[in-house]
Amino acid sequence: MNQPVNLPDVELDDSENTPSNKSNNRPFNEVLAANMKRRDVMKGSLAVGATSFFSAGFISDAEAQDGIGNNIRFRPVTLADAAAGDGKMPLISPDYEYDVLIPWGDPLEPSGPAYVERGNTAAEQARQIGLGHDGMYFFPLKEDVERGRMRRMNQRGILCINHEFGTNFHCLGKDLPESLEDVRFSQHVHGVSVVRIEEIDGTWQTVDSDVSRRIHVNTPVEFSGPAAGSDLLATPNGNVPLGTVNNCGNGTTPWGTYLTCEENFNGYFGANNEEETWVPTAEQERYGFSDTGFGYGWHLFDRRFDLSDPDYRNEDNRFGWMVEIDPHDPTSKPIKRTAMGRFKHEGAAWREAANGQVAFYMGDDQRFDYIYKYLSARPWQDMIAEGVSPLDEGTLFVAKFNEDGTGEWLELSPNNPNITSYDTLEEIMVFARVAADEAGATPMDRPEWTATAPDGTIYCTLTNNSQRTEPNAANPMAPNPDGSIIRFKDNDVTGNSFDWDIYLIAADTHGTEESFSDPDGLAVDNRGRVFIETDGGQKDGLQDQLLVGNPNTGAVRRLFMGVNGDEITGWAHTPNRKVAFINIQHPGNGDPSETNFPASPDGVTIPRDCTIVIRRKNGGPVGS
C-alpha cells in the first residue's frame, strides 16, 4: 500500500498567493470601489450581463427567436447531487457522458513504455504522458483541413496539452529527490505533450504517429525577439537553452501554432550556498525566487537550478516566457518569444484588428500583478509572408484600470518615460514586471486565463486575493478569497484605450445552485457561452467544477464536478464543438485515501491526472 508522505513546508502555490509587487501603484480594489459607487455592479452581479453594453453581439436575432437566446438548457449537477457523493468519482450532468483519456504515465504512443505504478524510469517518463494536466488545444490534421474533410476533422487530430506541476509526493512518493535520476523523473513529468488522438469505435484514444512528442525541462529550445541575443540570457557556463516548465494556461495563434505559458517557474530553483551565500537581486525578489523554491529540490542534483552556482548565472532568466510550438512539425524547436515579456504567463487569447494586426491578452498569475497585451507590429499575414514572426516584432502593453469603466494600455518600451530602471528593450522584456511597476499598471487579484468572445470582448479570471484590504472598481471584494471575472474590450485593437466591466463575482453565487469560487480556467464559445473552471476553495459541499454561463441572461449551470483535492482545468474541443476535453489535475493531491481516480475507489491506487472527454448524449454542442 502506498503510504502518503509529509509534504514540504513550502506550498506549491506560494508564489501565486504571496505577492512580490512592492510598487505603490494604485491597486485595483481602490479603482473598483469608486467605480462601484457610480455603477452599483457589486450586488446582483449575476445579471450584469443582461444590461451591460458587453452583452451585445453574442447571439443573433434569428437565434434568439428560436430559443437559443436562453442557450444553456442542460440539467445541471445540483447541490443535492454533490451532497450525495463522497468525492471519490466525478459527477456530470445527466444530459452528458464522459470518458477518460491519456492519464499520467500512459505511453505517448501505444507502442511506447507502459505505466507501472512507482516503477517507471526517468527515460520512460520522457516517452509518457506528463503529470499536472492543464491548458490544451485540439488541432485537426493539416491534411484534413487542406482537403476539407469536415467529418475527419472532428474525429482525429493532435492534442497539445500542458503539464503544470507534479509534487515530489505525487510523482516520486517522497519528500525530496534522492538522486539525479529522481530529479530527471520529476523534470520529465513537467512540460508539454503533443499527442495524436483519434475517435475509434466511439472512443477517443492515442495512435502511433511521427508528430507525437514530449517537450520537457531538458528539451532544446530557442529564443527569438528583442532579448534573444541578450547577455541576460547567457550563462558563464555557455550551456545551450533547454526546456520549459510549469506550463499552465495556453493559447493559439491565427497561423495555427500552440502557445504554452510558463507560470510558476521560480519554484524549481533553489540555492545550495555551499561556496558562497546567495543573495537575491531586486529582480529575483520581484519574480519570487528563494533559496528553497517550492521544495522540489532539483538544485540539489542539477546545477542548472542552483541559484548559488556562478556558472549558471542567468539560467533563471531563461524561464517565464510565452513558448510557441508547431504541433505539426516534430523536428521544430519550441521558441520562447521574448517580445511578449517575461512574467508568470497565464493565457493568451487573441483578437485580430480590422487591418490584420493581432493582439494577445495575457494574465500574470500572482496577487497584485497585472494584465498585459501584446500587439504585432504589422498585419500578421503580411509578416508571415515576409518570413517574420508576428510574435517577434510588436509592442507589449500593461493595463491600467480607471474608476469610470475605462482603461489604458501603457507601453512597455524605452519610449515610456516612466520606465527609468532600464534603457533597452531587451532589459524591459526580461524584467517586464519591474517595467510594468514603473509604468503605473493596476495591481489585480491574480489574473489568470483569458478568452475572446464573438464580439471581441476579452474575459479574464481573477482567481482570488485574500490579502486585499480595500476594494476598488476592477477588484470589488476586500478581502477577495473567492475571486471574480472581469471583461474588457478595446475601442480599437490597435489603440491604447478600452472599456471594462465585472461579469461575475463568485461570492454572490454562494448559497445558490450556481455556487462556485476561485475561477481559473476559462473559454468562450461561438454562441457566447462562458465556460468557467475552478481551482480550490469551493463552498456548499462542492468539489472543483466546470460551469457554463450565459452573459445575456445571467444564467450559470454546473456541467461537471471533479473529485476530492483536484482542480478542473484546460479546455479544448473538436471543430463542431460536439466533443470537449477538460482535465482533472492533481486528483486527491496524489493521496490515494482521497481518491483513486481514474481507477475505481480502492484506497490504494495512486490517483492520476487525466483528460476528460465530454459529449452531450443527444449529440448537440457541449454547453447547450
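The values are calculated or read from the model by the stated rules, or taken from the named source; none is laboratory data. None of the values given here were measured: they were computed from a predicted structure. Glycine also receives a Cβ, built like all others from the backbone with ideal geometry; neighbour counts cover every protein chain displayed. The accessibility values were calculated without ligands, DNA or RNA, using every heavy atom of the protein model including side chains. Shrake-Rupley method; radii C 1.70, N 1.55, O 1.52, S 1.80 Å.
A few remarks follow.
- For the range 139-169 and the range 356-412, distance of Cα centres in Å: 26
- Matching label, Cα Rg over 2.2 N^0.38 Å computed from the structure shown, candidates (i) 1.31; (ii) 1.17; (iii) 0.90: (iii)
- Using Cβ point charges alone (K and R +1, D and E -1), the dipole size of the range 325-395 about the Cα centre works out to roughly 240 debye.
- Rounded to the nearest 20, the Cβ-based charge dipole of the range 346-436 about its Cα centre (Lys and Arg +1, Asp and Glu -1) stands at 140 debye.
- Cα shape, the range 448-591, gyration tensor, a/c 1.5 rule: oblate
- Projecting the Cα positions of Gln187, Leu79, Pro587 onto the charge dipole of the chain (unit charges on Cβ atoms of Lys, Arg, Asp and Glu, taken about the Cα centre) puts Leu79 furthest along the positive direction.
- Each of Ala555, Trp255, Ala114 was placed along the dipole of the chain (beta-carbon charges, centred on the mean Cα), and the one lying farthest toward the positive end is Ala555.
- Separation between Cα centres of the range 554-587 and the range 101-133, rounded to whole Å: 23
- Percent carbon-and-sulfur accessible area, the chain, ignoring ligands, DNA and RNA, probe 1.4 Å: 47
- Per-residue [θ]222 nm for the chain (sum of -39500 (n - 2.57) over DSSP H runs n ≥ 4, rounded to 500): -3000 deg cm²/dmol
- Excluding ligands, DNA and RNA, the accessible surface per residue across the chain is 34 Å² with a 1.4 Å probe.
- Chain lengthening between Glu199 and Ser600 when straightened (0.36 nm per residue, less Cα-Cα): 142.0 nm
- Each other residue within a Cβ distance under 9 Å of Leu242 adds +1 if Lys or Arg and -1 if Asp or Glu, for a net charge of +2.
- Excluding same-chain neighbours fewer than eight residues apart, the lysines reachable from Lys336 by a Cα-Cα span under 29 Å are Lys22, Lys142, Lys344, Lys373, Lys400, Lys489.
- Label separation (Asn218 vs Glu386): 4.1 nm, computed from points 7 Å beyond Cα along the C-beta direction.
- Given +1 at the Cβ of Lys and Arg, -1 at the Cβ of Asp and Glu and no other charges, the dipole of the range 425-551 around its Cα centre is 160 debye to the nearest 20.
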